[in-house]
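Asks: There's a structure below that I have some questions on.
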């Protein structure tokens, strides 16, 4: 374990007490490791009242901070101090109210143009909001350093372009703070990939500034580039993002800061096995009232696959995934072997929707009524069946029990039946213009009885209150058999890592940061799958993807258990206990750079 040289460490991110994306997981999962290195470790984020009411437990600031807080308050910058209660380790947090300086917006923009040539004429509110906050953050850290911590070694790490102006403020006004800038995904890389540009084959031919202006992201791009060039230490989260940064931001990372997890917070393999059965059965119950009104299939021979993430059709690889599922569907239809499974695939992708489907709610109500009747009368029915079998009554007499049961439930059983095919989505979405649904139809994934691969879009966050499965994110994942993440643009990729940490085998690609990390380890076995996309044709990628899924579908139960164990074991390679040292090295490098 290396020694952290800084006396005070400030980590700055838009996602402190403000869940937006993967950086939230980075921050919350490594708190205890940071606290093991630093006695004075503080997270700084934006103050949003609704979030703060839930996430922050306010308390008086430390004595050495109070004067600075009071001074900033007189400038209409209000700082809230407290602890992030729901995060393990309960880190100390400063949330900054920044709307008090909105009248200075144009002055601040002009300042950054004069100092760093950041053109923000077309930087609208999605740029201006983090600009104001990060400017206030720079003032806070600079004031603390100058007035309260003058004889201390202070480092500040800034995540993503949203916090970059805080770093730039310090480099102009307070050079005695060691600064680290971390880009998790470049503005331009994500923009180009989202717009269908073949990023990896054309990287060396892209003119960054022209493309930034073409897609109206020049303010963000120039802010990010200025921070990368002026930070004492520049870092990214993966090799592939490092290559991209060198081209777009004109600086090669000084060190890579891989994203990890606190593996100790995840259940043991034994616990995941128990939790899997519980969650799987709950998912199966949902599948029963989703599909069985139309047709039935053997639920004991059904595998549950899933993907989860933002609705970025190409970036997240949904285009490749759906094509591969279409091929898998045909492979399974032709398979005449004894160990043939149907495959149900969940697309847990939040997107615009107009509420739950009424017919599905009706299916659920009829199903629950049938289930409740059986639960209420099950003991009596079982007793009568045992008695009749022991009394050796003939089949006709035993059928009376079945007839009585059916009579009571006849209306529900009739109402439970539906014509046609099951829907594609649990919610009302614009199916005519939805890229996923269009691709389903183009690739023969119609949810017909004869289809061996069945697809379901659930366009909401898995928070345990979706109205159907009602399982929180991790519990929903743990009930599945395989996670599918065919990303084209994924600087790191937390979802496959979370999947394997939960003992659920997962597939990722060599275009993701996590995939590149996997590629460098010999520990890969069944359970952690790498789909090679770099320099491969789409047809080749789709065929390889389908073959991986087909092979997995043919596993025996013992092989699936072995794959779960392999996945769980691999996750330990990405523990913050290992990766946190890279952060400390970056912090120490920043202090050395400024001569402290």
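Every read-out reported here was derived from the displayed coordinates using simple, explicitly stated rules and does not represent laboratory data. As the structure is a prediction and not an experimental result, all values here were calculated from the model. Please note: Cβ atoms are built from the backbone with ideal geometry, for glycine as well, and neighbour counts cover all protein chains shown.
Asks: Return, for the Cα atoms of region 405-531, the radius of gyration and Dmax in Å, separated by a comma.
Replies: Values for region 405-531 (Cα only, Rg and Dmax): 18.7, 63 Å.
Asks: Normalised by the residues of region 399-523, what does the relative contact order come to in percent, with Cα pairs under 8 Å and at least six apart?
Replies: Over region 399-523, the number comes to 15 percent.
Asks: May I ask you to order 81-90, 29-38 by the average number of other C-beta atoms within 10 Å around their residues, highest value first?
Replies: 29-38, 81-90
Asks: Let me ask another. With n ≥ 4 as the cut-off for DSSP H runs, can you work out [θ] at 222 nm for the chain, using -39500 (n - 2.57) per run divided by the number of residues, rounded to the nearest 500?
Replies: Numbers: 23 runs with 293 residues, N = 596.
It comes out at -15500 deg cm²/dmol, rounded to the nearest 500.
Asks: At q = 0.15, 0.22 Å⁻¹, what is the base-10 log of I(q)/I(0) for region 413-465 according to the Debye formula with one equal point scatterer per Cα and no solvent? Please give it to two decimals.
Replies: -0.52, -0.94
Asks: Taking a ≥ b ≥ c as the square roots of the eigenvalues of the Cα gyration tensor of region 157-211, is the shape rounded (a/c under 1.5), prolate (a/b larger than b/c) or oblate?
Replies: Cα axes put region 157-211 in the prolate bin.
Asks: Give me the base-10 log of I(q)/I(0) for the chain at each q in 0.10 Å⁻¹, Debye formula, one uniform scatterer per Cα, rounded to two decimals.
Replies: Listed by q, the Debye log ratios stand at -0.92.
Asks: With just the Cα atoms defining each centre, how far is region 26-81 from region 411-467? Give it in Å.
Replies: Between the Cα centres of region 26-81 and region 411-467 lies a distance of 45 Å.
Asks: So, one more: Averaged over all directions, how much area does the convex hull of the C-alpha atoms of region 269-366 cover when projected, in nm²?
Replies: The directionally averaged projection comes out at 8.7 nm².
Asks: Still on this structure, please answer the following. If you take the beta carbon distance between residue 581 and residue 414 as r and set R0 to 60 Å, what does 1/(1 + (r/R0)^6) give as a FRET efficiency, to the nearest 0.05?
Replies: 0.40
Asks: Now a separate question. Just to be sure I understand the model, the point goes 7 Å from the Cα along the line to the Cβ. What's the resulting residue 214 to residue 535 distance in nm?
Replies: About 2.5 nm separates the two model spin labels.
Asks: Here's something else I'd like to know. Give the distance, in whole Å, between the Cα centre of region 539-591 and the Cα centre of region 345-380.
Replies: About 34 Å separates the Cα centre of region 539-591 from the one of region 345-380.
Asks: Still on this structure: Rounded to whole Å, give me the distance from the Cα center of region 472-525 to that of region 139-191.
Replies: Computed from Cα coordinates, the inter-centre distance equals 32 Å.
Asks: Now for a separate question. May I ask you to order 92-103, 364-375 by the average number of other C-beta atoms within 10 Å around their residues, highest value first? Let's see the in-between values first.
Replies: Details: 92-103: 18.9, 364-375: 14.4.
The peptides rank, most packed first, as 92-103, 364-375.
Asks: Still on this model: Does anyone have the angle between helix 105-116 and the longest principal axis of the chain? Alpha-carbon axes, 0 to 90°, nearest 10?
Replies: It is inclined by approximately 70 degrees.
Asks: On to the next question. Could you put 533, 74, 310 in order, starting from the residue whose Cβ has the fewest other Cβ atoms within 10 Å? Write down the numbers at each step before the final one.
Replies: On the way: 533 23, 74 7, 310 12.
Listing 533, 74, 310 from fewest to most nearby Cβ atoms yields 74, 310, 533.
Asks: Kindly state, to the nearest 0.05, the FRET efficiency for residue 50 paired with residue 336, given R0 = 56 Å and r defined as their beta-carbon distance.
Replies: Taking R0 as 56 Å, the efficiency between residue 50 and residue 336 is 0.50.
Asks: Right, next: Using 0.36 nm per residue, how much length does the chain from residue 374 to residue 66 gain when fully extended, once their Cα-Cα distance is taken away?
Replies: 104.4 nm
Asks: Along each of the three principal axes of the Cα atoms of region 119-217, give the extent in whole Å, ordering the values from largest to smallest.
Replies: Between the extreme Cα coordinates on each principal axis of region 119-217 lie 50, 27, 17 Å.
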